[in-house]
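The values are calculated or read from the model by the stated rules, or taken from the named source; none is laboratory data. Note that the structure is predicted; figures quoted are calculated from it, not measured. Ideal geometry is used to build each Cβ from the backbone, glycine not excepted, and the neighbour counts take in all protein chains shown.
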Amino acid sequence: MMQPFTAKAQGRADGAGQTFHFLTEQYFDQVYFKYAPTAGTSAGFHQYDEQLEDYSRAGIGKQVADLQTYEKKFEAIDPTALDAPVAADRAMVISNIKSTLLTLRTVRPWEKNPDWYSSNLTNSIYVLISRRFASPDVRLRSVVEREKQIPAALADARVNLKNPPQIYTQIALEQLPDIISFFQNDVPSAFPDAKDPDLKAEFSKSNAAVIAALQSYQTWVKADLLPRSNGDFRLGAATFAEKLKDDEMVDIPLDRLLQIGYADLHKNQAEFARIAREVDPTKTPRQVLAELAAMHPAPDQLLQAFRNQFSSLIQFIREKHIVTIPSDVRPTLEETPPFMRATTFASMDTPGPYETHSTTAYFNVTLPDKDWSPQRVSEYMASFNIGTIVSTAVHEAYPGHYIQFLWLPRAPGKVRKLLGANTDVEGWAHYCEQMMLDEGYGQPGFGAKDARQAKLIRLGQLQDALLRDARFIVSIRMHTGVGGPLTVDQAVDVFVNEGYQSRAVGTVEAKRGTEDPTYLYYTLGKLEIMKLRADVEKKQGAAFSLEKFHDAFLAQGFPPVKIVRQAMLGNDSPVL
């Protein structure tokens, strides 16, 4: 029987809610963005544009202390006194604090990873030049103010770094030449319309100082740090499990999680072999894959190939009622800016949720260099075969990340706009790659010219799924030893032999896995979303609508799928 609603009960609930919202505003202003002003710029809060992260040991100590203070404040709020969505927001904030504390106190990249400094410092400048949210002079002033603080941050790195893993030091040395080039070439060319001569002269000095500091840092990393880089990059099972719980709200035992990953890998391998036999029964799956790799547009036709995909995907989504597209505005398709070319084939660059002055989203595609040999161009363009173009356009734009971005303004509140989980963000985009083909895209009349091409498109989607399956397995085994430990070289072999990737791709992926330990979130999130969809469909029966399911999912923002399940199913049933 429902209890009578009393004024006292209402006051208790309202008081807890008001306390939570007041604390949330304090947390974002006095802790979250205070210690991550670059994230403030990205989100659209430009009062942080002239500030830089404090990389000193004392600064890190202050951040830990402030996080601990707010952890206690949020945990003191009784979640039963909050409405369900607000209680979920409280859980997200606490998880975010716990994750940051785990990073600073246990994972300790500030002590173990030289690239953590050079790449993050570069990003602090990149976010100021990648979007035109203010006049060139205003943004250049912010660049100067941040650049003035970079040499001191690199000096802090020399004090803080102790016995890093050798592979982290090697990755830093691989990245630093491009980072130095970014400051030598790309930053100076980013403000051709700046007018203030005194400001430009000041920038010339600050930028030269950053280049000199980075060059000195590079020399120090190679001559001093590399010989004493004997640390271990592996998180260990306990820290890995804690990170997964804090970041994704997933607490499935690691041995069970690994079984789930292998099951998906073997399912996708079997499906790849079945379709490859249909394409050509005289060839092995690898031979069919090599044939697919050769089916790509000419480099000068690549951008148009993606534009054509957008039109086809939008038409399909609307005709088949896949998901509501909140805006007719398409992302701007362009070549990847020079300072991003070394690290990405394609990417979606969307403005932050609170950005009001620069709202264009960019779909960046990296074209091969004009001075490359024909063989190198051919090898590179294999990454843009007819299957990969479809899955990339789906993942990054329709109905992947770009549609997520268009839905974000509808997210319920500040927490859902600013905090989230990779299992939701990347899980959704990866789920869409399979879902769209399952619903009929990539068939003759919609993305394919004939049945054979439709099969090749499916093989491209499966190869991408196998890449993510390999990440799933490598992340657990390489960092925890569960299922048998893996060295970095052995991890490369998993990508090549089990994930059907080239050795060059496998090498990059294995390196990434040392620094991005829980990059299993692509497949993990996809599987969570597929189970959620099956559970909602079972509950709703004939009333189930795929479009309504997708709309309801995206309307939540991008919290861990556990929280989306609570909202859509009204229970705490298992995510997998």
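Against the condition modelled with pLDDT of 95 or more, out of contact with any strand residue (DSSP E or B) (no Cβ under 9 Å at 6 or more places or on another chain) and surrounded by 17 or more Cβ atoms within 10 Å (Cβ to Cβ), how does Leu289 come out, does it pass?
no
Take region 435-456 and flag every residue that is surrounded by 17 or more Cβ atoms within 10 Å (Cβ to Cβ) and either more than 29 Å from the chain's Cα centre (by Cα) or outside any loop (DSSP other than H, G, I, E, B) (or both).
Met435, Met436, Leu437, Gln443, Phe446, Gly447, Ala448, Gln453, Ala454, Lys455, Leu456
Go through (1) part of a loop (DSSP other than H, G, I, E, B); (2) crowded, with 21+ Cβ neighbours inside 10 Å for Asp89 and report which single condition fails.
In the conditions (1) part of a loop (DSSP other than H, G, I, E, B); (2) crowded, with 21+ Cβ neighbours inside 10 Å, Asp89 misses (1) alone.
Take the conditions in contact (Cβ under 8 Å) with a residue 60 or more places away in the chain, assigned to a helix (DSSP H, G or I) and in contact with a Phe, Trp or Tyr (Cβ under 9 Å, 6 or more places away or on another chain) and apply them to Ile260. Does it pass?
Details: in contact (Cβ under 8 Å) with a residue 60 or more places away in the chain: yes; assigned to a helix (DSSP H, G or I): yes; in contact with a Phe, Trp or Tyr (Cβ under 9 Å, 6 or more places away or on another chain): yes.
Against the criterion (in contact (Cβ under 8 Å) with a residue 60 or more places away in the chain, assigned to a helix (DSSP H, G or I) and in contact with a Phe, Trp or Tyr (Cβ under 9 Å, 6 or more places away or on another chain)), Ile260 qualifies.
Condition check ((1) outside the structural domain of Thr122 (by TED's automatic domain parsing); (2) hydrophobic (A, V, I, L, M, F, W, C)) across all residues:
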| residue | (1), (2) |
| --- | --- |
| Val210 | no, yes |
| Ser216 | no, no |
| Val221 | no, yes |
| Arg234 | yes, no |
| Leu244 | yes, yes |
| Met249 | yes, yes |
| Pro253 | yes, no |
| Leu257 | yes, yes |
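Is there any pair linking a residue in region 51-80 that is in the same structural domain as Tyr117 (by TED's automatic domain parsing) to one that is at pLDDT below 95 and surrounded by 19 or more Cβ atoms within 10 Å (Cβ to Cβ), with Cβ under 8 Å and at least six apart or on different chains, and which?
Sorted first by the residue in region 51-80, then by its partner, the pairs are Ile77/Ala16; Asp78/Ala16.
Taking Ala305 and the conditions (1) outside any helix (DSSP H, G or I); (2) modelled with pLDDT of 90 or more, which numbered condition does it fall short on, given that it satisfies the others?
Condition not satisfied by Ala305: (1).
With Phe272, Phe240, Phe316 as the choices, which residue is assigned to a helix (DSSP H, G or I), within 26 Å of Gln404 (Cα to Cα) and at pLDDT 95 or above? Lay out the reasoning, then the answer.
On the way: Phe272 fails: within 26 Å of Gln404 (Cα to Cα); Phe240 fails: within 26 Å of Gln404 (Cα to Cα).
Going through Phe272, Phe240, Phe316 in turn, just one is assigned to a helix (DSSP H, G or I), within 26 Å of Gln404 (Cα to Cα) and at pLDDT 95 or above: Phe316.
How many residues are within 19 Å of Gln184 (Cβ to Cβ) and outside any helix (DSSP H, G or I) when one looks only at region 93-137?
Number satisfying all stated conditions: 1.
Quick test for you: out of Leu82, Leu67, Leu52, Leu23, pick the one residue that is at pLDDT 95 or above, farther than 20 Å from Lys243 by Cα and surrounded by 20 or more Cβ atoms within 10 Å (Cβ to Cβ).
Leu52
Just checking, which of Arg131, Arg105, Arg57 is crowded, with 17+ Cβ neighbours inside 10 Å and basic (Lys, Arg)?
Just one listed residue meets the conditions, Arg131.
Which pairs have Cβ atoms under 6 Å, sit 6 or more apart or on different chains, and link a residue in region 557-576 that is in the same structural domain as His401 (by TED's automatic domain parsing) and under 17 Å from Trp407 (Cα atoms) to one that is of a type in the set (Ser, Thr, Tyr) and in a loop (DSSP other than H, G, I, E, B)?
Taking only residues 6 or more apart or on different chains, not a single pair turns up.
Can you pull out every residue in region 541-556 that is over 15 Å from Ala411 (Cα atoms), without any contact (Cβ under 8 Å) to a residue 60 or more places away in the chain and either touching a strand residue (DSSP E or B) at 6+ places or on another chain (Cβ under 6 Å) or not in a loop (DSSP other than H, G, I, E, B) (or both)?
Within region 541-556, Gly541, Ala542, Ala543, Lys548, Phe549 qualify.
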